[in-house]
Amino acid sequence: MMFPGSGLYAITQTDHKSDVQVLTEVEQAIKGGAVVIQYRDKNRARHPELAEKILWLCREYTIPLLINDDIDLAATIGADGVHLGKHDGDIGSAWHHLGKQAIIGVSCYNDLPLAIAAEQQGATYVAFGRFFPSSSKPLASPAQLETLQQAKAVLSLPIVAIGGILPENGASLLAAGADVLAVIGGVFSNHPEQAARAYQPLFV
């Protein structure tokens, strides 16, 4: 499965939601136009079973499923890849466990040298952010539009922007150099299919 070169990247919002609700919302987001799903869940007790169900759903719609912060879980269920933060393992370890075909994303915050190093090590994509105030990651350090502009000039892999992105502010990120917009609350807080659809004009 290929990582998309453009589009909406929906990251699950699982707090206080049943498995059925999470699955229903993921399917709605896909129907609304999400082109990649990331399973993010701090409740590790339910990880494998729910992750596997989300994977089946993504297979049905032929879009990639990435696992947040957990190389072992991605390997266990056969997910399409993993997204790595600062303390979640390295790209080499991900390749070893998941195979060379796996999608490996790396959080680079506001750090262009980190992104350059990730590309050199074989990352599939890099993610910068947060760009706007975010209820999902309220303490995350802010990132600058200039970082996207600089990244676009020197990187050849897809660039993801994350953090408080809404249909009304996403255009500035795409104009600065982002290819893909990663969204949690903007999609999953209310009516995911309708919410995901509202982002689609940004990518036309």
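Any read-out appearing in this document is the output of simple, stated calculations on the displayed coordinates, not a laboratory observation. Being a predicted model, the structure only gives us computed values, none of them experimental. Here the Cβ is made from the backbone with ideal geometry for all residues, glycine too, and neighbour counts use every protein chain on show.
Taking other residues whose beta carbon is less than 12 angstrom from the beta carbon of ALA151, and scoring Lys, Arg as +1 and Asp, Glu as -1, yields -3. By the beta-carbon count within 10 Å of each Cβ, the least crowded to most crowded order of LEU112, LEU181, fewest first, is LEU112, LEU181.
Ranking of TRP56, TRP95 by neighbouring Cβ atoms within 10 Å, starting from the fewest: TRP56, TRP95.
By the gyration tensor of its Cα atoms, with a ≥ b ≥ c the square roots of the eigenvalues, what is the shape of the range 7-203: rounded for a/c under 1.5, prolate for a/b over b/c, or oblate?
oblate
Within the set LYS31/LYS100; LYS100/LYS152; LYS31/LYS53, which residue pairs have Cα atoms separated by over 21 Å? From the list (LYS31/LYS100; LYS100/LYS152; LYS31/LYS53), the Cα-Cα distance tops 21 Å for LYS31/LYS100; LYS100/LYS152.
For the range 145-176 versus the range 9-77, the spacing of their alpha-carbon centroids is 24 Å.
In percent, how large is the relative contact order of the chain, given Cα pairs closer than 8 Å and 6 or more residues apart?
RCO, the chain: 23 percent.
On the beta carbon distance between VAL20 and ASP72, with R0 = 30 Å, the FRET formula returns roughly 0.75. Between TYR61 and VAL204, the distance separating the two model label sites (each 7 Å from Cα on the Cα→Cβ line) works out to 2.0 nm.
Full extension of the chain segment joining SER141 with LYS42 gains 33.6 nm, where the gain is 0.36 nm per residue of separation less the Cα-Cα distance.
In the chain, helical runs assigned H by DSSP with n ≥ 4 each contribute -39500 (n - 2.57); averaged across all residues and rounded to the nearest 500, the mean residue ellipticity at 222 nm is -11000 deg cm²/dmol. Each Lys or Arg adds one and each Asp or Glu subtracts one; over the other residues with Cβ under 14 Å from the Cβ of LEU173, this totals -1. Each Lys or Arg adds one and each Asp or Glu subtracts one; over the other residues with Cβ under 13 Å from the Cβ of TRP56, this totals -4.
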